[in-house]
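Q: Have a look at this one before I ask anything.
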Amino acid sequence: MSHDDATSWTVHPSDALRVGAGFRLADLDPESTPGYSGKKADGEADLRVGSDLLDPLQERLHAAAIGGSATDAVLLVIQAMDTAGKGGILRHVVGAVDPQGVQIAAFKKPTDEELAHDFLWRIQKQLPPPGKLGVFDRSHYEDVLIGRVRSLAPADEIERRYGAINDFEADVAGRGIRIVKVMLHISKDEQKARLQERLDRPDKHWKYNPGDVDERELWDDYMGAYQVVFDRTSTAAAPWHVVPANRKWYARLAVQGLLLDALEGIDPQWPAADFDVAAEKARLAAS
């Protein structure tokens, strides 16, 4: 069974959400559900179906590397404005598989040691090994998003980084790591409502960061920086997918579909036993 069997998908998410020539972020409605005709209840049901498909695929990927010689891995890169739902993707999509096969890296403000190296140095160290589903909660793209908006590096250095990213990702893909790049796209009004909820609920105060309001004041600058990222770094080896994220259920379903597509493309197989199965059955029976 493939996730394409989910009847509410009318266009595969890999096609519906992929950034192509002429893509304009400003034209994408964050409330929309591209490629999907169902409602919230349908999406939640299809997410459960997808989880039942994702888990064994990830287990096979892990087993093929641990018990065999496979070198494949998957890297999910998640970028978004604050409150867009990165945590929900980790809990409801990635959380559906065996955590032994998952490697998550959350990139915060660079340390002094990291700043002493090229911006990709710390990224390279967190790439998933064979058999792993790697997740970057924010990533090397912070260095051309915040870096550009906040002028944290000279303009010529920011310009250099786009090419460096493309070269880096082409090399990573060449090593057998399938790169799934996702931007969760929410509206400014939706972010305001989610921040308000964090302020209204004591159980969500820990999630609130006063700095998020400062970043909101630069919303248009960030949207412009994202557009440049899509124009410059959506490549055949590592295309971008922009997921409308005002509807959390849709965003989770869409990211799940993209991961399923990557794993089904790899089609990992159970490794063959490196011992005589019949002989081991006989030994066990006699023990």
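Q: Classify the range 59-146: rounded, prolate or oblate, from the alpha-carbon gyration tensor (a ≥ b ≥ c, eigenvalue square roots; a/c under 1.5 rounded; otherwise prolate if a/b is larger than b/c)? Walk me through the numbers before you get to the answer.
A: On the way: a/c = 2.92, a/b = 1.41, b/c = 2.07.
In terms of gyration-tensor shape, oblate.
Q: Also, I was wondering about something else. Positive end of the dipole of the range 113-175, charges at C-beta (+1 Lys, Arg; -1 Asp, Glu), about the Cα centre: which of Leu127, Pro154, His117 has its Cα farthest in that direction?
A: Result: Leu127.
Q: A follow-up question, please. Hey, can you rank 141-151, 47-57 by average C-beta count inside 10 Å, highest first?
A: On the way: 141-151: 18.8, 47-57: 16.6.
Highest to lowest by the protection proxy: 141-151, 47-57.
Q: Also: Over what distance in Å are the Cα centres of the range 164-208 and the range 246-265 separated?
A: 14
Q: Within the chain, which whole H helices from DSSP have a Cα span along their axis of at least 30 Å and a mean Kyte-Doolittle hydropathy of -1.0 or more, if any?
A: Long hydrophobic helices here: 40-66.
Q: Solvent-accessible area per residue for the range 187-234 at a 1.4 Å probe radius, Å²?
A: Heavy-atom accessible area per residue stands at 58 Å².
Q: So, one more: Tell me what the chain gives for mean residue ellipticity at 222 nm when only DSSP H runs of n ≥ 4 count, each as -39,500 (n - 2.57), the sum divided by the residue total, rounded to 500 deg cm²/dmol.
A: After summing the helix terms and dividing by residue count, I get -14500 deg cm²/dmol.
Q: Ignoring ligands, DNA and RNA, please state the percent of accessible area on the range 52-100 from carbon and sulfur, probe 1.4 Å.
A: 49
Q: To continue, here is another question. When only Cα pairs under 8 Å and 6 or more residues apart are kept, what is the percent relative contact order across the range 109-240?
A: 30
Q: Let me ask another. Normalised by the residues of the range 21-135, what does the relative contact order come to in percent, with Cα pairs under 8 Å and at least six apart?
A: Relative contact order of the range 21-135: 38 percent.
Q: Mind ranking 170-181, 198-209, 236-247 by how tightly packed they are, going by the mean number of other C-beta atoms within 10 angstrom, highest first?
A: Working: 170-181: 17.4, 198-209: 11.8, 236-247: 20.7.
Packing proxy ranking, top to bottom: 236-247, 170-181, 198-209.
Q: Here's something else I'd like to know. Specify which residue in the list Val255, Leu199, Val277 is farthest towards the positive end of the charge dipole of the chain, using unit charges on the beta carbon of Lys, Arg (+1) and Asp, Glu (-1), about the Cα centre.
A: Towards the positive end, the residue furthest out is Leu199.
Q: Counting pairs of alpha carbon atoms under 8 Å apart in space and at least six apart in sequence, what relative contact order in percent does the chain give?
A: Rounded, it is 32 percent for the chain.
Q: Shifting gears a bit: State the number of lysine pairs found in the chain whose Cα atoms come within less than 13 Å, restricting to pairs 8 or more positions apart or on distinct chains.
A: Lysine pairs satisfying the spacing and distance rule in the chain number 5.
The values are calculated or read from the model by the stated rules, or taken from the named source; none is laboratory data. Remember, it's a predicted structure, so these values are computed and weren't measured experimentally. Methodologically, a virtual Cβ is constructed for each residue, glycine included, from the backbone with ideal geometry; neighbour enumeration extends over all protein chains shown. Just so you know, the surface numbers come from the protein's heavy atoms only, side chains and all, with ligands and any DNA or RNA stripped out. Shrake-Rupley method; radii C 1.70, N 1.55, O 1.52, S 1.80 Å.
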